[in-house]
Ligand SMILES: Cc1cc2nc3c(=O)[nH]c(=O)nc-3n(C[C@H](O)[C@H](O)[C@H](O)COP(=O)(O)OP(=O)(O)OC[C@H]3O[C@@H](n4cnc5c(N)ncnc54)[C@H](O)[C@@H]3O)c2cc1C
């Protein structure tokens, strides 16, 4: 399909990007373009102005913080998948990045774009929720953070830029599992887990209306053991309407698949603790 017309601008810094976004209706942040450009081509997305942030140094970098890792929004999924600090301290986040699409998508697609791409289940938000991460944003009024679980529902306000993902350190007790759609590689269902001193954190996407944390399952599995039978029983006890049918898949099937993937992830995370 032919792209609709839009203007394009390359701001010199984040402040100019924010001014442009708040000053033009229908303006959109352009990062790796791996969701936005296909969306503009098919007409699923619209834009009057693309604000290209790909060169902004202030959105780059992976740094250790006092209690975890700060992942700049422009970190590519390929960088995230292989970064030694992320592999060591947030393995579910690295695995979610690695599970994304194909090498081209991972080389161009960014962490910020994967978090902000609305309308389709993507891999990084579910790992961010399990990790108890926060999304850092910048807007005309300053900077603020939003829990990843809340951001998965609200998305980024129109005039805001995701600047970073703030991930608490887990050690190795975390894992991500996914069943991918064979054609698109997007998740049919994906789960991410973290085992913390307070009990497991378990999040799911694809099988539910949006990425979310399963507090009921966590409660039933507190203290373990994470046998497949125990995990599947904990998932079966969830309200049936929590799981929604996908393309050619029933809600019942997806609920079961989410349980199977969560069991695998919990067992792997638990082994890493031993
Ligand atoms: C063939 C193919 C296969 C794919 N497979 C998968 C898959 O398996 N799993 C998966 O999760 N995804 C998949 N994707 C989607 C892709 O990985 C993500 O959409 C990509 O990571 C988005 O990042 P981006 O930098 O390209 O964002 P863009 O396409 O540039 O932007 C995406 C959206 O996010 C907004 N945005 C981007 N960056 C920011 C920011 N810093 N602040 C505020 N808003 C921002 C844009 O305005 C736009 O709305 C696939 C895509 C393709 C083309």
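Derivation of every value follows stated rules applied to the coordinates shown; laboratory data play no part. The structure presented is a predicted model; accordingly, all values stated were derived computationally and were not measured. Here the Cβ is made from the backbone with ideal geometry for all residues, glycine too, and neighbour counts use every protein chain on show.
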Conditions (1) more than 11 Å from the ligand (Cβ to nearest atom); (2) more than 18 Å from residue 159 (Cα to Cα); (3) surrounded by fewer than 13 Cβ atoms within 10 Å (Cβ to Cβ); number of the one not met by residue 69
(3)
Determine, yes or no, whether residue 58 is within 13 Å of the ligand (Cβ to nearest atom) and either touching a helix residue (DSSP H, G or I) at 6+ places or on another chain (Cβ under 7 Å) or part of a strand (DSSP E or B) (or both).
yes
Sole residue being more than 10 Å from the ligand (Cβ to nearest atom), more than 19 Å from the chain's Cα centre (by Cα) and either surrounded by fewer than 17 Cβ atoms within 10 Å (Cβ to Cβ) or part of a helix (DSSP H, G or I) (or both), chosen from 44, 92
44
Looking only at region 146-162, count how many residues are within 11 Å of the ligand (Cβ to nearest atom) and in contact with a helix residue (DSSP H, G or I) (Cβ under 9 Å, 6 or more places away or on another chain).
8
Could you say which residue among 108, 74, 124 is in contact with a strand residue (DSSP E or B) (Cβ under 6 Å, 6 or more places away or on another chain) and near the ligand (Cβ under 8 Å from one of its atoms)?
74
Test for residue 143: is it more than 9 Å from the ligand (Cβ to nearest atom), free of Cβ contacts under 8 Å to residues at least 24 places away in the same chain, surrounded by fewer than 24 Cβ atoms within 10 Å (Cβ to Cβ) and over 27 Å from residue 67 (Cα atoms):
no
Consider residue 153 carefully, then state whether it is closer than 23 Å to residue 212 by Cβ and surrounded by 16 or more Cβ atoms within 10 Å (Cβ to Cβ).
no
Tell me yes or no: at least one residue of region 188-202 is in contact (Cβ under 8 Å) with a residue 24 or more places away in the chain, within 12 Å of the ligand (Cβ to nearest atom) and surrounded by fewer than 24 Cβ atoms within 10 Å (Cβ to Cβ).
yes
How about region 47-66: which of its residues are touching a residue at least 60 places away in the same chain (Cβ under 8 Å) and either within 16 Å of residue 109 (Cβ to Cβ) or surrounded by fewer than 17 Cβ atoms within 10 Å (Cβ to Cβ) (or both)?
53, 59, 65
